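This report refers to the structure that appears directly beneath it.
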Amino acid sequence: MWLAGRWCKTMLELYVTFMKIGAVMFGGGYSMLPLLMRELVDNKKWCTEEEVLDYFSLAQCTPGVIAINSATFVGYKRGKVLGGIVASLGVVTVPVIIITIIAAVLQNLMSYPLVQHIFAGVRVAVAALMTVTIVRLIKKAAKDWISWIIVIVAFLLLTVVGLDSVWLVLIAAAFGILVGRWKKA
């Protein structure tokens, strides 16, 4: 009985945590990264920064929405298949409710300047959150000159060349394998 209660508590905690993340996830999946870091690494201590970054990278490379994929990976770590399902449902609950309500009144709502200003402000705040998280991740990931070269080349490939992020992750993974073998030798 004690085990069943603990298991239910874990599932409820997963659901509520990802429901909170989903509730404030304006701006798409990328805006989720700072929220994941704060909730999963700093508050809950369920994952390390490296694990969150790995889950987020995998979520970008797998088919589907980044937010749901990330929630599924973390949920699976905490509670296997059911944990993945519960976390995924949690992250979409509030956005589905909000989208349903907004869709009902969207045409009238978007014509108000106040609403346009609200969304403009939210976009700026999301950009600031993402910038802080990116700086934090670069500090954690780029520990040597080879890592800094990867960061700079990846940035240039994304911004100048316009390389798709999936290809960038695959190239970086291959490069990481080569560097790892080179360091071993």
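The values are calculated or read from the model by the stated rules, or taken from the named source; none is laboratory data. A quick note: this is a predicted structure, and the numbers were derived from the prediction, not measured. Don't worry about glycine lacking a Cβ; one is built from the backbone with ideal geometry, like all the others, and counts go over all protein chains shown.
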Is it the case that Pro95 is under 28 Å from Leu170 (Cα atoms), assigned to a helix (DSSP H, G or I) and either of a type in the set (S, T, N, Q) or touching a residue at least 24 places away in the same chain (Cβ under 8 Å) (or both)? no
When you scan region 23-30, do you find a residue that is without any contact (Cβ under 8 Å) to a residue 12 or more places away in the chain and at positive phi, even just one? no
Does Gly75 qualify as being surrounded by fewer than 21 Cβ atoms within 10 Å (Cβ to Cβ) and small (Gly, Ala, Ser)? no
Would you confirm whether or not region 103-112 contains a residue that is at pLDDT below 90, surrounded by 13 or more Cβ atoms within 10 Å (Cβ to Cβ), within 26 Å of Met19 (Cβ to Cβ) and not acidic (Asp, Glu)? yes
I'd like to check something: does region 51-65 contain any residue that is surrounded by 15 or more Cβ atoms within 10 Å (Cβ to Cβ), within 13 Å of Met25 (Cβ to Cβ) and of a type in the set (Asp, Glu)? no
Would a scan of region 119-126 turn up a residue that is under 22 Å from Asp54 (Cα atoms) and either in the same structural domain as Thr62 (by TED's automatic domain parsing) or exposed (fewer than 10 other Cβ atoms within 10 Å of the Cβ) (or both)? yes
Please tell me if Val81 is loosely packed, with under 15 Cβ neighbours inside 10 Å, within 19 Å of Ile98 (Cα to Cα) and either modelled with pLDDT of 85 or more or not β-branched (Val, Ile, Thr) (or both). no
